[in-house]
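This structure is in structure tokens; I'll ask about it shortly.
The values are calculated or read from the model by the stated rules, or taken from the named source; none is laboratory data. Owing to the predicted nature of the structure, the values given are computational and were not obtained by experimental measurement. Every residue, glycine as well, gets a Cβ built from its backbone with ideal geometry; the counts of neighbours run over all protein chains shown.
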Amino acid sequence: MDNGSLRISNVTKMDDGVYTCVARNQFGVASSAGSLLVKEPTAITSPAGHLDVTVGESIVLPCQVSHDPTLELKFTWFFNEQLIHFGNHWAFFEKVGGRSAGDIMIRNIQPKHAGKYTCAVQTKVDSVSIATDVVVRGPPGPPGDCRVTEVTETTASVSWSPGTDNYSPILSYAIQARTPFFLGWQAVTTIPELLGGKQLSATVIDLSPWVEYEFRVLATNSIGTGEPSRPSKKARTKETLPRVTPARVNGGGGGRSELVITWEPVPEELQSGLGFGYVVAFRPLGAQGWMQAAVTSPEASRYVFKNESIPPFSPYQVKVGVYNNRGEGPFSPVTTIYSAEEEPSRAPGRLRARSVSASEVEVTWKPLAWSNSRRRILGYELQYWSERQKPDTASVIRTVGNKTSILIRDLEGRCTYYVSLRAYNSAGVGPQSTTVNVTTKKPPPSQAPGKIMWNTSNSKVILRWDQVHALENESEVTGYKVMYSQDKDSRPSVVETNSTSLELSLPVNQDYVIQIKPFSEGGEGRSSRQITIPKIAGPRYDKHTQELATRQRGNGRECKYNVQQSHGTKQWRAEELKLLLRRKRRAPYREALFLPDP
């Protein structure tokens with residue numbers, strides 16, 4: 001070149017070498033030398049492309065290169081021209097390439113990851129890049145502009161606009177509704193019943209009148225169902241005549257000359273309008289005309305008709321209807337109830353009280369007739385108080401049904417109690433019976449058995465203890481209860497005895513916990529402290545005999561042994577003895593002794 005530079009076009013490896021530049025003039029000659037190193041070019045071997053993936057999948061974006069092995073590579077990735085920083089903020093991205101590859105993995109890919117990905121590779125002498133477009137197919141985005149355009153008593157017209165399809169066509173829509181009376185969103189019935197992907201409006205049917213509703217829409221494609229739209233503005237359906245009658249219409253009870261009618265109130269969402277109330281109709285069984293009364297409170301669940309002419313415990317037919325500002329609705333089915341009955345007029349007879357122990361008294365009586373035309377007997381009310389109390393502080397026990405006895409518990413020992421009884425029904429209580437008194441037995445002994453001794457023999461435990469002596473104000477000991485169990489938490493077995501010793505047969509090789517307590521006509525006394533009896537070892541066998549049987553195994557000569565048992569002596573061959581020893585491990589022969597034949 002004119003300035004003395006050397007330009008080499010289409011450089012190849014053959015151009016590699018040392019170049020010298022020589023300059024001359026009238027004053028002399030000068031030169032300069034330099035080396036030229038020719039490197040292989042860097043090239044991306046992965047093709048540029050277009051990837052279609054489904055939301056939730058994991059994909060690898062390749063960036064494979066060929067390059068001069070003497071050059072170091074630097075890989076840099078960009079997403080929509082923004083540098084990707086691998087780390088917590090970019091947790092979906094992970095480098096997975098080796099030295100000559102800059103591949104990255106995108107885990108659990110989401111619609112937000114759709115876009116252009118660029119891999120840039122740089123060395124000291126050159127740089128290259130490649131781009132890949134990624135399309136993420138997923139469930140549709142939320143529909144827009146959900147609104148209610150018209151309402152009637154039981155329907156609402158709903159419209160919406162389509163959301164993004166996320167690269168998979170919308171196949172269908174679904175509408176959900178919400179009211180103040182239910183938790184969460186509920187599916188609703190629509191016309192048309194199936195809403196296709198092109199449908200942008202529908203009529204919701206089977207709604208409750210005079211209820212405030214919100215609606216929302218969800219879209220579905222082949223990938224799944226997307227997020228719902230924003231809720232519509234609240235819309236209230238129109239009023240209409242009430243259609244739902246009260247449930248569980250019943251009645252009965254109350255005071256003298258009363259007819260009590262009850263029902264389950266109609267929920268607010270089923271009242272169909274303002275001004276809701278009830279119409280109560282009733283008549284004596286067999287009469288023609290109905291008497292009616294209006295109950296204006298929508299929360300009411302009871303109506304009482306009082307008239308001195310109402311005979312006690314008489315059958316009435318009743319029904320309950322509904323109304324609101326639009327008019328009257330239907331009545332419930334007719335049911336039969338009874339007017340208030342009279343209180344029991346007689347007291348129970350033959351009241352008896354018997355002391356069972358120091359803390360329990362049994363009371364018996366002759367029952368009254370169960371029912372008649374004017375009243376029933378639902379049960380009995382027992383009152384009892386001690387000699388140190390006043391009758392107006394008496395404790396009360398109520399029975400249900402036609403019982404004739406009751407057991408009073410948790411009483412004081414050697415104390416006098418007074419008992420009275422009366423019948424009751426829904427109208428109240430009847431007259432008191434005569435009062436009877438009863439004295440509880442002396443308390444059981446307060447002293448626990450002491451000096452408990454024990455010893456074991458084979459599988460038997462022999463127990464002995466000191467006699468318990470009752471104090472002057474305690475009932476005499478009539479026997480003892482021995483309780484034994486394998487541990488403190490298991491339910492014990494109980495053996496009763498009249499003496500101060502006992503022999504127990506217990507399984508071997510188990511620990512046992514034992515307690516002893518006295519009992520008397522006043523009840524059970526104090527228990528002794530717990531005693532732990534360690535494992536009882538089973539009978540031992542002659543070790544020499546077992547070793548001898550083992551030595552004879554496989555010997556050709558016929559060796560025999562005498563086996564002495566509780567029922568006699570029998571001769572066994574060696575093979576039979578080994579079988580017996582094996583059986584012994586499963587079911588011990590406690591009385592057997594094995595001896596070699598002399």
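Mind counting the residues in segment 469-492 that are more than 18 Å from residue 358 (Cα to Cα) and of a type in the set (A, V, I, L, M)?
Residues that pass the stated criteria total 2.
Output the qualifying pairs, or none if there are none: Cβ atoms under 8 angstrom, residues six or more apart or on different chains, first residue in segment 231-247 and surrounded by fewer than 17 Cβ atoms within 10 Å (Cβ to Cβ), second residue among the basic types (Lys, Arg) and modelled with pLDDT of 95 or more.
231/178; 231/216; 233/147
Now, a different point. Return the only residue of 338, 303, 323 being buried (at least 18 other Cβ atoms within 10 Å of the Cβ) and either in contact with a Leu (Cβ under 6 Å, 6 or more places away or on another chain) or more than 30 Å from residue 239 (Cα to Cα) (or both).
Numbers: 303 fails: either in contact with a Leu (Cβ under 6 Å, 6 or more places away or on another chain) or more than 30 Å from residue 239 (Cα to Cα) (or both); 323 fails: either in contact with a Leu (Cβ under 6 Å, 6 or more places away or on another chain) or more than 30 Å from residue 239 (Cα to Cα) (or both).
Going through 338, 303, 323 in turn, the sole match is 338.
If you check 121, 134, 148, 65, which single one turns out to be part of a strand (DSSP E or B) and out of contact with any Leu (no Cβ under 8 Å at 6 or more places or on another chain)? First the steps, then the outcome.
Details: 121 fails: out of contact with any Leu (no Cβ under 8 Å at 6 or more places or on another chain); 134 fails: out of contact with any Leu (no Cβ under 8 Å at 6 or more places or on another chain); 65 fails: out of contact with any Leu (no Cβ under 8 Å at 6 or more places or on another chain).
148 is the lone residue from the list that is part of a strand (DSSP E or B) and out of contact with any Leu (no Cβ under 8 Å at 6 or more places or on another chain).
With the requirement that a residue be over 19 Å from residue 471 (Cα atoms), out of contact with any Ser or Thr (no Cβ under 7 Å at 6 or more places or on another chain) and charged (D, E, K, R), what does segment 492-538 give you?
496, 503, 529, 535
Does residue 520 meet the test of being exposed (fewer than 11 other Cβ atoms within 10 Å of the Cβ) and either modelled with pLDDT of 55 or more or under 43 Å from the mean Cα position of the chain (by Cα) (or both)?
So residue 520 does not fit the description; no.
Further, regarding this structure: Report, by residue number, each residue of segment 18-41 that is part of a strand (DSSP E or B) and under 27 Å from residue 65 (Cα atoms). Break it down into steps so the answer makes sense when it comes.
If we filter segment 18-41 for residues that are part of a strand (DSSP E or B), which is where we start, we get 18-25, 28-36.
If the condition is that a residue be part of a strand (DSSP E or B) and under 27 Å from residue 65 (Cα atoms), then 36 is the only one that fits.
Could you list all residues from segment 159-191 that are modelled with pLDDT under 95 and in contact with a Phe, Trp or Tyr (Cβ under 8 Å, 6 or more places away or on another chain)?
Selection gives nothing.
Restricting the search to segment 202-223, which residues are surrounded by 15 or more Cβ atoms within 10 Å (Cβ to Cβ), in a loop (DSSP other than H, G, I, E, B) and modelled with pLDDT of 95 or more?
Residues of segment 202-223 surrounded by 15 or more Cβ atoms within 10 Å (Cβ to Cβ): 202-204, 207-211, 213-221, 223.
Checking which are in a loop (DSSP other than H, G, I, E, B) leaves us with 207-211, 223.
Of everything in segment 202-223, those that are surrounded by 15 or more Cβ atoms within 10 Å (Cβ to Cβ), in a loop (DSSP other than H, G, I, E, B) and modelled with pLDDT of 95 or more turn out to be 207, 208, 209, 210, 211.
Further question on the same structure: Please go through (1) buried (at least 21 other Cβ atoms within 10 Å of the Cβ); (2) farther than 30 Å from residue 242 by Cβ; (3) hydrophobic (A, V, I, L, M, F, W, C) for residue 175 and return the number of the only condition it doesn't satisfy.
So the condition that residue 175 fails would be (2).
Residue-wise test of (1) loosely packed, with under 12 Cβ neighbours inside 10 Å; (2) closer than 30 Å to residue 109 by Cβ.
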{"position": "4", "(1), (2)": "yes, no"}
{"position": "14", "(1), (2)": "yes, no"}
{"position": "18", "(1), (2)": "yes, no"}
{"position": "30", "(1), (2)": "yes, no"}
{"position": "37", "(1), (2)": "yes, no"}
{"position": "40", "(1), (2)": "no, no"}
{"position": "44", "(1), (2)": "no, yes"}
{"position": "50", "(1), (2)": "yes, yes"}
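Hey, another quick one. Out of all the residues in segment 416-465, which are under 20 Å from residue 382 (Cβ atoms) and small (Gly, Ala, Ser)?
Answer for segment 416-465, where residues must be under 20 Å from residue 382 (Cβ atoms) and small (Gly, Ala, Ser): 420, 423, 426, 427, 428, 430, 433.
Show the residue pairs that are 6+ apart or on different chains and have beta-carbon atoms under 6 Å apart, the first residue being within segment 336-351 and farther than 17 Å from residue 424 by Cβ and among the small types (Gly, Ala, Ser), the second being assigned to a loop (DSSP other than H, G, I, E, B) and modelled with pLDDT under 95.
As it stands, the answer is 339/310; 339/314, since those pairs meet every condition given.
If we keep just the residues of segment 398-426 that are within 43 Å of the chain's Cα centre (by Cα) and closer than 17 Å to residue 345 by Cα, which is surrounded by the most Cβ atoms within 10 Å (Cβ to Cβ)?
Once the filter is applied, the top-ranked residue is 425.
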